[in-house]
Amino acid sequence: MDIGINKKLKEIYDLMFERNGSRNWWPADTKFEVIIGAILTQFVSWKNVEIAIQNLERENLLSIEGICNVETEKLEELIRSTRFYKQKARKLKEFCSFVEEKYNADLDSFLGRDIYGLRKELLSLYGIGEETADSIILYAAEKPIFVVDAYTRRIFSRLGYFNEDITYGEMQKFFMENLEHDTKLFNDFHAQIDAVGGKYCNGKKPDCAGCPLESVCRKCGLDY
């Protein structure tokens with residue numbers, strides 16, 4: 001661990017936390033709901049995911065058995081609000097079938113694997129990429145792995161830590177090597193990044209004056 005970078009990362013986190021408070025992420029009642037949300041939120045806003053989850057809950061389908069047994073066409077209709085709903089229905093079906101067949105539908109047993117064994121299995125499933133797998137590990141399994149995304153790339157490139165073409169793995173390694181492996185910290189740090197990225201650090205017209213990271217941003221105020 002680089003102590004200097006560790007100190008700077010904690011300063012960045014503290015600035016965001018002071019502005020936003022704890023983000024209390026991921027918003028869900030169960031681990032399974034976290035997983036469903038992580039799969040459905042790909043390429044769509046959380047508001048649309050909430051509609052789909054409410055639809056599944058209304059139909060008593062928010063379970064491994066429920067997703068496995070529901071007709072594909074009905075599942076597609078219930079999650080239509082999430083875009084690419086046909087592909088996402090398949091992802092939900094394949095994930096739930098995998099846990100049912102290999103773990104006898106015991107989600108805790110599946111999530112109880114070590115981090116990298118769990119990650120390998122998740123990445124082997126249809127439609128689950130690195131960000132989705134890591135979100136499931138961090139927020140559902142509650143294991144310390146740092147989730148990164150497009151907001152992480154944008155914010156930390158503007159802060160001067162990354163090049164824009166950095167890979168997912170390289171970004172993740174940066175945080176994993178320079179922060180204590182603490183699930184609560186990783187949870188809220190990622191949530192804070194997404195809050196700042198969504199509200200202030202947008203692609204073309206960032207609100208630098210309102211951003212909690214204005215004082216430490218190297219590109220603050222530049223003409224984008």
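The values are calculated or read from the model by the stated rules, or taken from the named source; none is laboratory data. This is a predicted model, so every value here is computed, not measured. Backbone-built Cβ (ideal geometry, glycine too); neighbour counts: all protein chains shown. Each accessible area value is taken on the protein alone, full model and side chains, heavy atoms only, with ligands, DNA and RNA left out. Shrake-Rupley method; radii C 1.70, N 1.55, O 1.52, S 1.80 Å.
Key figures for this structure:
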{"item": "Summed residue charge, Cβ within 9 Å of residue 194's Cβ, Lys/Arg positive, Asp/Glu negative", "result": "0"}
{"item": "Unit charges on C-beta of K, R, D, E only; dipole of the chain, Debye", "result": "720"}
{"item": "Kirkwood-based shape ratio for the chain, expressed as Rg/Rh from alpha carbons", "result": "0.99"}
{"item": "Accessible area in square angstrom per residue, the stretch 97-224, 1.4 angstrom probe", "result": "48"}
{"item": "Unsatisfied cross-links (Cα-Cα over 29 Å) in the set 47/204; 74/204; 31/88; 7/47; 47/219", "result": "74/204; 7/47; 47/219"}
{"item": "Angle between the chain longest axis and helix 183-199 axis [Cα atoms, degrees, rounded to 10]", "result": "70"}
{"item": "Most to least packed among 142-148, 58-64, 34-40, 95-101 [average Cβ atoms within 10 Å]", "result": "34-40, 142-148, 95-101, 58-64"}
{"item": "Carbon and sulfur %, accessible surface of the chain computed with the full protein complex present, 1.4 Å", "result": "47"}
{"item": "√(5λ) per eigenvalue of the Cα gyration tensor, the stretch 141-224, largest first, Å", "result": "23, 14, 11"}
